Structure formats: structure tokens, C-alpha cells
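Worksheet: one structure, shown below.
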Amino acid sequence: MTRLHVEQPGAAALVEDLGRPGLAHLGVATSGALDRGALALANRLVGNPDGAAGLELVLGGFRARFEGEAWFAVTGAWGPVSLDGHPVPPYASARARDGAVLEIGTAVRGIRYVLAVRGGIAATAVLGSRSRDTLAGLGPEPVVAGQDLAIGAEPAASVPVVDQDVAFPPPAGAVTLALLAGPRADWFTDAAGAALFESPWRLSEQADRIGARLVGPVLERRRTGELASEATVPGSMQVAGDGQPTILLADRPVTGGYPVIAIVAPGSLDAVAQLRPGQEVRFRHA
Amino acid sequence: MSRRLLPSGDAALLVECDSLEEVLALHDALAADPPRGVVELVPAARTILVSIDPARIPLESAATWVRRVPAEAGSRVAGAAAEGVVIPVAYDGEDLAATATLLAVSTEALIARHSSVEWRVAFIGFAPGFGYLVSDDWPFEVPRLDAPRTRVPAGAVALAGAFGGVYPRQSPGGWRLIGRTDVALWDPDSAEPALLAPGRRVRFEAIGAG
């Protein structure tokens, strides 16, 4: 059986697929790849179904040795990727020989690489998914140095021939995200509603798979008092007591007690996954 | 019964009620016969999130359905979750005596009340499988611990606010511990991973402290 021997996981290496939808009523978040489009693309590049499990690699610093031959592709963040020291083009499939060493360096654009290997990562599924939920502690444990990851059986589809020039890196400058109305927009002042769309925001250092906290003007509340915890969706932007918004992501707690002022449209969530701390964010109406 | 429909993205509605009782009744009514395309109902203390698949049902149609469902339909519901479960409890929790003192009752009276009323899972919060239990016959309001424990064992039977609960897995927690059970509350390998799923009727049964 083909395996991937991980020599260096980098900042974080997690097995992720498209997650566990439909279990929020049991307290289980969807989880899954934070950049879902990047996972689907990496999988397509090697002929896998969109939902096959891959590795989500934060920032880079990853090194692994193939044991057996395998096709692979790296998408999401943009940075130096090499196989036995030879550069591998981004967002393209490549074939590794037995013993080849894959190195993924520090990302220069975006922050989360996705590595797909033809056949998928064959971790044990929990509640129908191979995704690591970092908050609930469900799914495969984070990958550690020295770990061997089993690769699944060859899928039926062949490795497609694609034009490599279609790849675009995540943007380096300001990123504009589309917002939908949130359930508790009326808990905030008109000025807060306006500031959300008119002010520049920045991603804080407090950004992970659970949520992305932004820094900007204080969003003042019109209505004070406690909100009974209520169910959130991926992209729900909750505002804590200090007036700063947090975009709740794949591993969020399924209910939350802070009012949700707006919701990042599903089509903008992959871009949130690739924001780097300090990067500028702007919002527009979806 | 009032129902306010609040926006929650393009694939969900948040329905707000005036009380937990109304949430329970509306949840039963909605769960009885959901239209195609409604993928999940997520109840909480005052709200129910109605998640849909926009490719199978327009959000507007789901909103119309939520507005029109008669609440009394709930009384006729009988699903898997409506079947009762009995949880044997050794009432020897660390906070049992202190909690009884706080409530100005004897420990015997607290145990007798906890193990005689019928509870119902209102919703799940805090962690996977952590059901918030309510009962019409439970009169007590229990303050949370000032400082949460960093480690509460799985199976700890606990109280907080107007709610009862059982910790499904070891975790931090601020609820007051009155007992423990060996019953498995959370099994991700099972077809029904959460024993205490929303709607489930629950009774506790006192067993000898060991």
C-alpha cells in the first residue's frame, strides 16, 4: 500500500475532507477543509472525488516522503513546492516516484495549503467524515513528525489533463467579502451597520479553524443584555462585548451567545480561510 | 404562539419564540412532517435554526411552511427521540450536599425530586451530545460554579440554571455535580451518536452509591 511518511508537519497538518453536515442538532459542527474550493480542486487534479480526504497545512514547513508511487497536487496557499528539490508548479498534478521527498515551504500568498494525494488519505472516518474538528476533538489526530499516512485505493477517474495557466494565487492586498443579513443586526446601532461596510478591517492574530477575529472600529450595540445561546452557521459574524467581530468557521461551537450582526456569504468563506494576520478585509452587500 | 423569522444566511432561517416551552412545541410540530429540502432543525433556548438545501426548496417556501405549521401538531409526534430512556445514577456527586444547601432542601429530597420527575432534552449545547434537560416538575434554579472545573469526568450528572445534564465526555465544566452514571451518552460510531438527542424523554433512577 502507498503511504506518505511525514518527516515534518509544519505549523499544523490536519486531515480534512468536506466534513459532517447535518449534525448540528447533536452539537457537532460541519468541520472539514477551511478552504473547501481548494480541497475540491486538489482532488479533481488527481482524479479523486471532491470529498476525498487531504491534508490542510498551515503556513508550510512541511516535508514528507512517498512510500510507493503516487499522483499529488498542492492548492490553496501559494509558495515554494518541490519534489526531490525540483520545483512543482502550483495547482497542478505531479507524479511522485517511490522514495521521493515532497517539500512545501513557507506560503507567500494565503496561509492554508491543501495537499491531495490520488486515492485520498485513508484515515478512519468518524460520523461519516475524516475531518479533524479541532474544537470538539473529533476525527483523525493532528499529524505529527514520523507519522505514516495510508493512501487509499486508486479512484475510477483518471488524472485529468488541465491547462496549468488557469491558476491564480490568493490575493496579497485587501480582500472584499460578501455579507448577508444576520439575525441580530437590529441589536446594533445604525453607525455600527455602516461602519461594517465602510471601514477597513484587519485579520487579528486570533484566527484559526474555529473563528477569524477582525480588528476595526467598535461596533456599538443599540440593545444591551444577554442573548440566549442560539445556533450559528458557518460565516456567522458574532460581535463580542468589546465590539470586535469574529467570523465563525468550520470548527465553531454550534451555538453561541453573542449577537450575530451579519453572515459572510458561503461564496466568500474560502477567501477567509486564506487571510493572513494583518491583511486588510472589506465588506460589501451580497 | 409568536414566531419571529430572522435571516441566517441563504440556507437557513432562525425562528425565535417567546419561551423554551414554545420552542419545544414548535420543534415537535416542525419535526413531524418537514418538506423536502429541509435538512436540519437545530433548537436552542429561544430559537430553532431551520437549515435548508436551497437547490431543493426556496428559502421563501421554507419560511411560509414555518409560519403556517400548527403548533398543536407536536402533541401527536412520536419519533425515535420521543422514546424514553432511563439513566441509572449513583448520587454521590462532589457538589451534592452543597447544592442541596443552596436550594434549602435535604440531599434526600433533592435526589428524590431529580429521580422522580420526567425530563426532556430541549436542545444540545456546549459539546457534542451534551443535552440540556428540562422538566415542568423541576422547581429549582441552580447557580453555576464561580470557577469552572478544568476537568469533569464523562458521566457526571449535573445541574445549572433551570437545566439538568450529563457530561458526555470528559471536559471542563461549571455545572454542579450531583451524581454519576456509567451509561454511554456519546458514541460517534453509533447510528445514533447522542443518547440525549433533542426531544428525548429521560428519567433518572437512583442506584446504590458505590
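The values are calculated or read from the model by the stated rules, or taken from the named source; none is laboratory data. It should be emphasised that the depicted structure is a prediction, and the values quoted were computed from it without experimental measurement. So basically every Cβ, Gly included, is an ideal-geometry build from the backbone, and we count neighbours across all protein chains shown. SASA here: full protein model, heavy atoms, side chains in, ligands and nucleic acids out. Shrake-Rupley method; radii C 1.70, N 1.55, O 1.52, S 1.80 Å.
Things to note:
- The calculated FRET efficiency for B:Arg4 paired with B:Arg36, based on their beta-carbon distance and R0 = 22 Å, is about 0.30.
- The accessible-area loss of region B:120-140 on complex formation, taken against its chain alone with a 1.4 Å probe, reaches 30 Å² or more at B:Ile124, B:Pro128.
- What the Cβ-Cβ distance of A:Arg109 and A:Glu7 gives, at R0 = 25 Å and to the nearest 0.05, is a FRET efficiency of 0.50.
- Accessible solvent surface per residue of the protein assembly as shown, calculated while the other protein chains remain in place, 1.4 angstrom probe, Å²: 42 Å²
- Rounded FRET efficiency, nearest 0.05, which uses the C-beta distance separating B:Ala112 from A:Glu280 and R0 of 60 Å: 0.45
- Take every pair of alpha-carbon atoms less than 8 Å apart whose residues are at least six positions apart; their mean separation over the length of region A:175-285 yields a relative contact order of 42 percent.
- Counting, for every residue in A:252-265, the Cβ atoms of other protein chains within 10 Å of its Cβ and taking the mean gives 3.
- Helix-only mean residue ellipticity at 222 nm for the protein assembly as shown, each DSSP H run of n ≥ 4 adding -39500 (n - 2.57), per residue, nearest 500: -3500 deg cm²/dmol
- Dipole check for region B:4-68: with +1 at the C-beta of Lys and Arg, -1 at the C-beta of Asp and Glu, and the Cα centre as origin, the magnitude is about 160 Debye.
- Taking every residue in B:4-17 and counting other chain Cβ atoms within 10 Å of its Cβ, the average works out to 6.
- Buried accessible area, chains A and B (both chains, 1.4 Å probe, Å² to nearest 100): 2100 Å²
- Using the average count of surrounding beta-carbon atoms within 10 Å as a protection proxy, the listed peptides A:82-88, B:201-207, B:163-169 rank, highest first, as B:163-169, B:201-207, A:82-88.
- Size of electric dipole in chain B: Cβ of Lys, Arg +1 and of Asp, Glu -1, about Cα centre, debye, nearest 20: 240 debye
- Electrostatic tally near A:Arg221: other residues with Cβ closer than 14 Å to its Cβ, Lys and Arg +1, Asp and Glu -1, net -2.
- By accessible area, using a 1.4 Å probe on protein heavy atoms only, the protein assembly as shown has 53% of its surface on carbon and sulfur.
- If you take all other residues with their beta carbon under 14 Å from the beta carbon of A:Asp208, and give Lys and Arg +1 and Asp and Glu -1, the sum is 0.
- For chain A, the dipole from Cβ point charges (+1 on Lys and Arg, -1 on Asp and Glu) about the Cα centre works out to 280 debye, to the nearest 20.
- Shielding value for A:224-237 is 5, the average number of Cβ atoms from other chains within 10 Å of each residue's Cβ.
- A simple count of charges around B:Ala197, restricted to other residues whose Cβ falls under 14 Å of its Cβ and scoring Lys, Arg +1 and Asp, Glu -1, yields -2.
- Ordering of A:100-108, A:154-162, A:267-275, A:254-262 by burial proxy (mean other Cβ atoms within 10 Å per residue, highest first): A:254-262, A:267-275, A:100-108, A:154-162
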